[in-house]
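Accompanying notes for the structure given below.
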Amino acid sequence: MPNKWKHFLDILDMPRSQSWALVTRAKEMKDTDHRSQVLAGKVLVMIFEKASTRTRLSFEMAVRHLGGDTIFMTPHESQLGRSEPLKDTARVISRYCAGMIVRTFGQEKLEELAEYASVPVVNALSDLHHPCQVLSDLLTMYERTPSFKDLKVAWIGDGNNMAHSWINAAIYFPFYLSLAVPKGFEPDARILNKAVQLGARIHVSHEPKLAMDGAHYVNTDVWASMGQESEQGARSKPFANFQVNDELLKLADPEVKVMHCLPAHRGEEITDEVMEGPASIVWDQAENRLHMQKAILEWVFGHAPESTAREFADDRPGPKPFHTI
């Protein structure tokens, strides 16, 4: 009998209908303060090469809410920081634990762990993708606007892992995504081109005002992510005009909402006034990591209720997809 569990390294690892269903399931879990025993007797190892607040806490609490337990490991506490091949680590962990939640630098590490593991591997963040965060952000949007078909979502800043996961989300969800990135910091062309070919409505430019124009939701992130600290100074000049501030928000929809995956460098990519202002929904966004993590783990371990696995109609409007730089 084939395994019911799945790996989750990227939003595109699940079918489109299930990605929609995950959002509604997470909302249901939040509304009911959901607890279950679907992970009863299971221990998941959390392998974190990068420090974390929200990702670690939300996953640890999610596992416990589903009846399971966790073991937390860093490279300092395992052979990951030494020379043992990842394929050996994957095989050994599979003999001890029911799954791996991995926060790492290289996406290739996740892929190798998944290739050799006989338990599910979940991407808690890599330099290429941050799927759990973006699905949580979609839950935050869904709470306010259940239909995405008329929404414009803006991304202001680096063409990083968050931008990549937003691009992939635009394949499955019918919002219009407008990214504004500094020259030389564009998203991965392979990810972008694939999304456009698969029907995502995406526009990429170097103009924050263009991306912000009429936007219903605005997203940003730090200018230098973890592991890029040495580039902080060099990035300040090309990113200087990509700050989400009150002046830029005037171009957006009057009811615009602002999101940030956190942690934020207030005064750089976003001002304190915007973070604390009426447009900010960053704290709801942070809370929703917990609820979405529960829905993801339920799906990963093959326990998603049938009622959430229904097919969703593609209500994607508008003309042929396009993108420009």
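The values are calculated or read from the model by the stated rules, or taken from the named source; none is laboratory data. This is a predicted model, so every value here is computed, not measured. As a convention, Cβ positions derive from the backbone with ideal geometry for all residues, glycine included, and neighbour counts pool all protein chains shown.
Per the conditions (1) charged (D, E, K, R); (2) surrounded by fewer than 19 Cβ atoms within 10 Å (Cβ to Cβ); (3) closer than 24 Å to ALA117 by Cα, the sole criterion not satisfied by ASP10 is (2). In region 19-40, the residue that is nearest to the chain's Cα centre (by Cα) out of those that are more than 20 Å from LEU125 (Cα to Cα) and buried (at least 20 other Cβ atoms within 10 Å of the Cβ) is TRP20. One residue stands out among those in region 133-152 that are part of a loop (DSSP other than H, G, I, E, B) and hydrophobic (A, V, I, L, M, F, W, C): the one that is farthest from ALA211 (Cα to Cα), which is PHE148. Is it the case, given these coordinates, that VAL63 is under 15 Å from MET292 (Cβ atoms) and assigned by TED's automatic domain parsing to the domain that holds GLU298? Criteria met by VAL63.
When region 182-201 is limited to residues that are over 18 Å from the mean Cα position of the chain (by Cα) and among the hydrophobic types (A, V, I, L, M, F, W, C), the one that is surrounded by the most Cβ atoms within 10 Å (Cβ to Cβ) turns out to be VAL196.
If you go through region 265-294 and keep only what is touching an Asp or Glu at 6+ places or on another chain (Cβ under 8 Å) and in contact (Cβ under 8 Å) with a residue 12 or more places away in the chain, you end up with GLU269, THR271, GLU273, VAL274, GLY277, ASP284, GLN285, ASN288. Answer yes or no as to whether ASN168 is touching a His at 6+ places or on another chain (Cβ under 8 Å), assigned to a helix (DSSP H, G or I) and among the polar types (S, T, N, Q). The answer is yes for ASN168.
Looking only at residues in region 41-89 that are part of a helix (DSSP H, G or I) and among the small types (Gly, Ala, Ser), which one is farthest from the chain's Cα centre (by Cα)? Before you say what the answer is, go through the steps one by one.
Pass one, region 41-89, residues part of a helix (DSSP H, G or I): 54-65, 75-77, 79-81, 86-89.
Retained after the next criterion (residues that are among the small types (Gly, Ala, Ser)): 58, 62, 81.
On the way: SER58: 13, ALA62: 16, GLY81: 26 Å.
The qualifying residue farthest from the chain's Cα centre (by Cα) is GLY81.
Among residues of region 227-253 that are β-branched (Val, Ile, Thr), those with a Cβ under 7 angstrom from a residue that is part of a loop (DSSP other than H, G, I, E, B) and modelled with pLDDT of 80 or more, sequence gap 6+ or separate chain, pair up as VAL244/GLU269.
In region 1-40, the qualifying residues are those that are of a type in the set (Lys, Arg) and in a helix (DSSP H, G or I), and the one that is nearest to LEU138 (Cα to Cα) is LYS27.
How many of the residues in region 150-174 are farther than 17 Å from ALA252 by Cα and not hydroxyl-bearing (Ser, Thr, Tyr)?
Taking region 150-174 first, the residues farther than 17 Å from ALA252 by Cα are 158-174.
From what is left, the residues that are not hydroxyl-bearing (Ser, Thr, Tyr) are 158-164, 166-171, 173-174.
Qualifying residue count for the region: 15.
Taken together, VAL222, VAL204 contain a single residue that is farther than 17 Å from LYS152 by Cα, crowded, with 22+ Cβ neighbours inside 10 Å and aliphatic (A, V, I, L, M), which is VAL222. Note on region 21-54: among residues that are within 19 Å of PHE105 (Cα to Cα) and touching a helix residue (DSSP H, G or I) at 6+ places or on another chain (Cβ under 7 Å), the one that is modelled with the lowest pLDDT is GLU49.
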